[in-house]
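In what follows, a structure is listed as structure tokens, so that the remarks can point back to it.
The values are calculated or read from the model by the stated rules, or taken from the named source; none is laboratory data. The shown structure was predicted, so the numbers you read here are calculated from the model rather than taken from an experiment. Here the Cβ is made from the backbone with ideal geometry for all residues, glycine too, and neighbour counts use every protein chain on show.
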Amino acid sequence: MKLIECPRDAMQGLHDFVPTELKAAYLQKLLAVGFDTLDFGSFVSPKAIPQMRDTAEVLGKLELSGTKTRLLAIVANPRGAEDACRFPEIAFLGYPLSVSETFQQRNTNRSIAAALDDLTTIQEACEKAGKTLVVYLSMGFGNPYGDPYSPALTVEFTGKLAERGVRVVALSDTVGTATPAAITALFSELIPAFPAIEFGAHLHSRPDEVEIKVAAAYAAGVRRMDGALRGFGGCPMANDTLTGNLPTERVAAWLTRQGVELGLDEAAFAEAMAFSANVFV
């Protein structure tokens, strides 16, 4: 079971800039826990996401020799991918692609057709640099913008990713509206249909729905889940202010109750949880 901790997602919407030293100190705490991957920063326009403008500087302050956790950075276009590929410390590049034309335009100011062209270029850059591309397929469970949607559309998009050699796809419940039944049904269709792809779940949820959404994804065979300590972050376009990232501590607790061995350092986990109060005040 792979747990992906997403402090970048948690921090990027904060109004006040988190000082570079504080970001690095928090990430260092998270690197000690034993997560599979840390979504730590992004190489995107500082105008779009000013909070992440210091990602390269933060990376330079991290001590990585004592951790098994691998680093993931988000990119929104080939230019960002080119920047990220310069850093040998980064193992994964994350690229957001939407099945919704409206959301794709809002999120990256690109059409889906142009975004797929960008994806092809980014995948080639990753292969050349020895990195793995993780595609976040947003609006994968539904669409609040009135664009056409069906589960078959997500399957069709996944086929386009498979054709381009993408090996990791995280389905994103971007505005937190996916039902447990929809989560189970879609993953149950995708996982056997694309055996060469590792599927992850990047779910957003109200506090009272966390465990049932995790259970739904796990039941369908998902063995890669994203979360953020204490459920910080999420999608600013969600209609419900209570909707946020899955709290990693609750995801881990549920999995542990199912007998899943996560290999996390509990003392380091508690220390990171406590330290998060310095970042999210």
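Would you confirm, using the coordinates I've provided, whether ARG8 is within 28 Å of PHE199 (Cβ to Cβ), of a type in the set (Lys, Arg) and at pLDDT below 95? Considered against the rule, which asks whether it is within 28 Å of PHE199 (Cβ to Cβ), of a type in the set (Lys, Arg) and at pLDDT below 95, ARG8 comes out as no. Among the residues of the stretch 14-47, just one is surrounded by 14 or more Cβ atoms within 10 Å (Cβ to Cβ), over 18 Å from LEU93 (Cα atoms) and at pLDDT below 95, namely LEU14. For HIS202, the criteria (1) of a type outside the set (A, V, I, L, M, F, W, C); (2) closer than 17 Å to ASP39 by Cβ; (3) outside any strand (DSSP E or B) hold in every case but one, which is (3). Quick one: would you say ALA196 is touching a residue at least 24 places away in the same chain (Cβ under 8 Å) and either of a type in the set (S, T, N, Q) or assigned to a loop (DSSP other than H, G, I, E, B) (or both)? So ALA196 passes the test. Just so you know, in the stretch 189-212 the residues that are in contact with a Gly (Cβ under 9 Å, 6 or more places away or on another chain) and over 19 Å from VAL166 (Cα atoms) include one that is surrounded by the fewest Cβ atoms within 10 Å (Cβ to Cβ), and it is PRO207.
If you scan the stretch 1-50, which residues turn out to be in a helix (DSSP H, G or I), polar (S, T, N, Q) and closer than 30 Å to ALA253 by Cα? Quick ask: steps written out before the conclusion?
If we filter the stretch 1-50 for residues that are in a helix (DSSP H, G or I), which is where we start, we get 7-11, 20-31, 50.
Narrowing the set further to residues that are polar (S, T, N, Q) leaves 20, 28.
The one that is in a helix (DSSP H, G or I), polar (S, T, N, Q) and closer than 30 Å to ALA253 by Cα: GLN28.
Any residue in the stretch 259-281 that is within 16 Å of THR69 (Cβ to Cβ) sitting within a Cβ distance under 9 Å of a residue that is surrounded by fewer than 11 Cβ atoms within 10 Å (Cβ to Cβ)? List the pairs, counting only those 6 or more apart or interchain. The qualifying pairs are GLY263/LYS68. Within the stretch 66-87, residues that are closer than 23 Å to VAL169 by Cβ sit with their Cβ atoms under 6 Å from residues that are among the charged types (D, E, K, R) and assigned to a strand (DSSP E or B), at 6+ positions apart or across chains, in these pairs: LEU72/ASP39. In the condition set (1) over 19 Å from ILE74 (Cβ atoms); (2) surrounded by fewer than 21 Cβ atoms within 10 Å (Cβ to Cβ), THR121 is compliant with all but (1). Taking the criterion of being over 20 Å from ALA114 (Cβ atoms) and assigned to a strand (DSSP E or B), the residues of the stretch 51-80 that qualify are ARG70, LEU71, LEU72, ALA73. The single residue among GLY94, GLY142 that is surrounded by 15 or more Cβ atoms within 10 Å (Cβ to Cβ), modelled with pLDDT under 95, farther than 22 Å from ALA25 by Cα and not aliphatic (A, V, I, L, M) turns out to be GLY142.
A residue that is among the acidic types (Asp, Glu) and within 18 Å of the chain's Cα centre (by Cα) can be found somewhere in the stretch 29-52. Considering ALA178, ALA125, the condition of being among the aliphatic types (A, V, I, L, M), part of a loop (DSSP other than H, G, I, E, B) and either over 28 Å from VAL210 (Cα atoms) or in contact (Cβ under 8 Å) with a residue 12 or more places away in the chain (or both) is satisfied by ALA178 alone. Only residues that are surrounded by fewer than 15 Cβ atoms within 10 Å (Cβ to Cβ) and either in a loop (DSSP other than H, G, I, E, B) or modelled with pLDDT under 75 (or both) were counted across the stretch 145-157, and they come to 3.
Select from the stretch 99-128 the residues that are small (Gly, Ala, Ser) and over 16 Å from SER172 (Cβ atoms) and write down the one among them that is modelled with the highest pLDDT.
Here is the first cut: in the stretch 99-128, the ones small (Gly, Ala, Ser) are 100, 111, 113-115, 125.
Retained after the next criterion (residues that are over 16 Å from SER172 (Cβ atoms)): 111, 113-114, 125.
Details: SER111: 90, ALA113: 92, ALA114: 92, ALA125: 97.
The residue in question is ALA125.
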